[in-house]
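Student: Structure incoming, see below.
What follows is calculated from the coordinates using simple rules that are stated; it is not laboratory data. Computed from a prediction, not measured in an experiment: that's the story for all the values here. No Cβ is skipped: glycine too gets one built from the backbone with ideal geometry, and neighbour counts run over all protein chains shown.
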């Protein structure tokens with residue numbers, strides 16, 4: 001599983017410029033959900049514990065139903081990650097069928113045909129920035145570069161419609177037990193995806209610890225492969241690893257002696273935020289806004305299911321299949337490090353001082369470290385009418401709908 005990788009962004013952008021020059025339903029009993037308080041403190045945002053020794057009930061496999069041929073189609077590129085895997089599990093409970101030509105409960109409700117495309121994180125971003133899919137789940141640390149690349153490639157602006165979660169320890173830099181301090185890491189390479197949020201975390205760790213990033217090397221490697229080598233101790237040069245869930249959880253389970261040297265709880269709240277991003281052109285065409293509402297309702301419902309003790313065990317079992325077969329107990333741990341935000345919290349998150357403070361950091365990182373943007377990228381908070389020239393817009397208006405939030 002890969003999350004948060006920006007490979008080939010500049011190549012795509014350069015290619016685009018050259019072309020221009022050349023002229024993240026089962027029928028269930030009605031159960032009242034616990035309310036979610038907007039913008040809760042981190043300690044209050046972890047999901048409630050399941051009942052003691054719950055019995056995992058099987059989720060009934062939905063029966064595919066052919067969708068009318070004239071339904072508008074909407075595509076989402078996704079990769080495995082805690083809350084994105086939770087979102088796409090909507091396909092396993094009948095809310096969304098996720099394949100072309102068939103539809104689930106919410107697709108019928110909103111009159112759209114939603115298609116999910118799974119790949120690595122890097123590939124999902126390439127698909128989105130190249131204009132081959134309508135939407136993608138992505139982190140804010142990558143969104144600026146990817147939105148800019150999509151605009152350069154297909155002249156389409158991007159809209160961050162709602163956050164799915166934010167990282168509160170899910171992103172980590174892990175070290176061998178002999179490296180217990182940041183000073184001890186000096187000169188030791190961290191292995192991970194250099195064009196991703198891991199590199200951002202490494203860069204921010206240098207800033208927080210008041211050290212020069214030049215003294216702290218970073219070696220590029222697919223985080224799945226790097227975590228496997230780190231677990232097996234098969235690479236003597238690898239003394240530090242950087243990644244996210246579930247890889248960092250696998251490392252800790254296999255090697256309890258590993259040090260959690262630096263993680264995302266040590267930087268600003270919302271500094272690493274996972275989001276649903278969609279092309280403006282998809283929202284403007286028939287069925288686009290309805291598809292977004294269907295996905296927001298699907299995500300809300302899945303969050304309700306995982307927070308509700310009556311449906312939690314079965315939901316976690318279903319999520320596992322979309323999350324590298326991660327055990328339910330490990331997913332619970334992941335949900336204490338990746339803190340869920342529902343679509344109806346989008347405006348509160350986007351308008352918060354903490355989230356807005358993350359944008360200059362992301363821009364500096366993209367310009368000076370990954371070098372994936374050539375200069376300032378026009379960003380804005382608000383609607384298309386309010387900011388028609390923005391390349392990346394944070395706009396919660398598409399999901400501010402009181403009907404979003406069905407019971408499981």
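Student: Taking the beta-carbon count within 10 Å as an exposure proxy, list 138, 259 from fewest neighbours to most.
Tutor: 259, 138
Student: Here's another thing I want to ask about it. Pop a pseudo-label 7 angstrom from the Cα along the beta-carbon direction at both residue 389 and residue 181 and give the gap in nm to one decimal.
Tutor: Computed distance between label sites residue 389 and residue 181 equals 5.1 nm.
Student: Using the count of nearby Cβ atoms within 10 Å as a rough guide to exposure, how do 253, 134 rank from fewest to most?
Tutor: In order of increasing Cβ crowding within 10 Å: 253, 134.
Student: Could you list 238, 266, 125 in order of exposure, starting from the residue whose Cβ has the fewest other Cβ atoms within 10 Å?
Tutor: If I rank by nearby Cβ atoms, fewest first, I get 266, 238, 125.
Student: Now for a separate question. If you find the alpha carbon centre of the stretch 154-176 and of the stretch 266-296, how far apart are they in angstrom?
Tutor: 12 Å
Student: Quick one: if you stick a label point 7 Å off each Cα along the C-beta vector at residue 118 and residue 255, how many nm between them?
Tutor: 2.8 nm
Student: For the stretch 172-266, give me the percentage of DSSP beta bridges that are antiparallel, rounded to the nearest 5 percent.
Tutor: 65 percent
Student: May I pose another question? Mind giving me the nanometre distance, one decimal, between the label points for residue 100 and residue 281, set 7 Å out from Cα along Cα→Cβ?
Tutor: 1.6 nm
Student: How many angstrom separate the Cα center of the stretch 306-373 from the Cα center of the stretch 96-140?
Tutor: 18 Å
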